1. Filter segment 78-94 for residues that are hydroxyl-bearing (Ser, Thr, Tyr) and buried (at least 18 other Cβ atoms within 10 Å of the Cβ); which is nearest to GLY54 (Cα to Cα)?
2. Select from segment 8-31 the residues that are open to solvent by less than 40 Å² (accessible area, probe 1.4 Å), assigned to a strand (DSSP E or B) and not aliphatic (A, V, I, L, M) and write down the one among them that is farthest from THR77 (Cα to Cα).
3. I'm checking my understanding of the structure. Among residues of segment 32-76 that are of a type in the set (D, E, K, R), within 12 Å of ALA91 (Cα to Cα) and part of a strand (DSSP E or B), which one is least open to solvent (accessible area, probe 1.4 Å)?
4. Could you grab the pairs with beta carbons closer than 9 Å, sequence gap of 6+ or different chains, first residue in segment 31-48 and under 12 Å from GLY106 (Cβ atoms), second one open to solvent by less than 60 Å² (accessible area, probe 1.4 Å) and of a type in the set (Asp, Glu)?
5. Give the residue that is nearest to ARG45 (Cα to Cα), with candidates limited to residues of segment 95-115 that are outside any loop (DSSP other than H, G, I, E, B) and open to solvent by 80 Å² or more (accessible area, probe 1.4 Å).
6. Return the pairs, sorted by first residue and then second, in which the second residue is part of a loop (DSSP other than H, G, I, E, B) and open to solvent by 50 Å² or more (accessible area, probe 1.4 Å), the first residue lies in segment 50-71 and is among the charged types (D, E, K, R), the beta carbons are less than 8 Å apart, and the residues are 6+ apart or on different chains.
Amino acid sequence: QVQLVEAGGGSVRPGGSLRLSCAASGSILNINIMGWYRQTPGKERELVATTTSGGITNYADSVKGRFTISRDNSKNTVYLQMNSLKPEDTAVYYCHIRTLVYTYWGQGTQVTVFS
């Protein structure tokens with residue numbers, strides 16, 4: 001059974017940094033897309049960043065230049081380095097992994113940016 005274990009959430013001041021990680025355990029084959037989404041109460045889950053097996057990355061306009069997504073295929077792990085955090089980045093962040101057949105979601109990790 002595949003599990004996604006997220007880590008790295010927390011509370012920071014504006015301008016601070018956090019690094020999220022998501023490790024996939026279990027039998028998981030042919031990972032294509034790995035990424036991060038976020039959600040705040042009353043709003044739909046939105047894309048933050050994705051990376052493909054070919055190394056193509058995609059970012060939401062709101063995080064371009066501040067967030068960097070990376071992956072370690074040998075560890076089935078995806079990272080999100082978040083710099084220059086703003087209060088509007090406050091959300092629950094979800095890891096997302098898509099293979100050729102299946103889609104998996106992490107349990108979510110809270111990121112809070114407060115003044």
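The values are calculated or read from the model by the stated rules, or taken from the named source; none is laboratory data. Please read these numbers as outputs of a predicted model, since none were measured by experiment. Cβ coordinates were reconstructed from backbone atoms using ideal geometry, including for glycine residues, and neighbour counts include every protein chain displayed. Note: areas computed on protein heavy atoms with side chains; ligands, DNA, RNA excluded. Shrake-Rupley method; radii C 1.70, N 1.55, O 1.52, S 1.80 Å.
1. Keep residues of segment 78-94 that are hydroxyl-bearing (Ser, Thr, Tyr), which gives 79, 84, 90, 93-94.
Now restrict to residues that are buried (at least 18 other Cβ atoms within 10 Å of the Cβ): 79, 93-94.
Values: TYR79: 16, TYR93: 24, TYR94: 22 Å.
Of everything passing the filter in segment 78-94, TYR79 is nearest to GLY54 (Cα to Cα).
2. The selected residue is GLY10.
3. Here is the first cut: in segment 32-76, the ones of a type in the set (D, E, K, R) are 38, 43-46, 61, 64, 66, 71-72, 75.
Subset that is within 12 Å of ALA91 (Cα to Cα): 38, 43-46.
Checking which are part of a strand (DSSP E or B) leaves us with 38, 46.
Numbers: ARG38: 17, GLU46: 83 Å².
The qualifying residue least open to solvent (accessible area, probe 1.4 Å) is ARG38.
4. ARG38/ASP89
5. Going residue by residue through segment 95-115, those that are outside any loop (DSSP other than H, G, I, E, B) are 95-99, 103-105, 109-113.
Filter again for open to solvent by 80 Å² or more (accessible area, probe 1.4 Å), leaving 98, 105, 110.
Working: ARG98: 16, TRP105: 12, GLN110: 14 Å.
That would be TRP105.
6. ARG66/ASN83; ARG66/SER84
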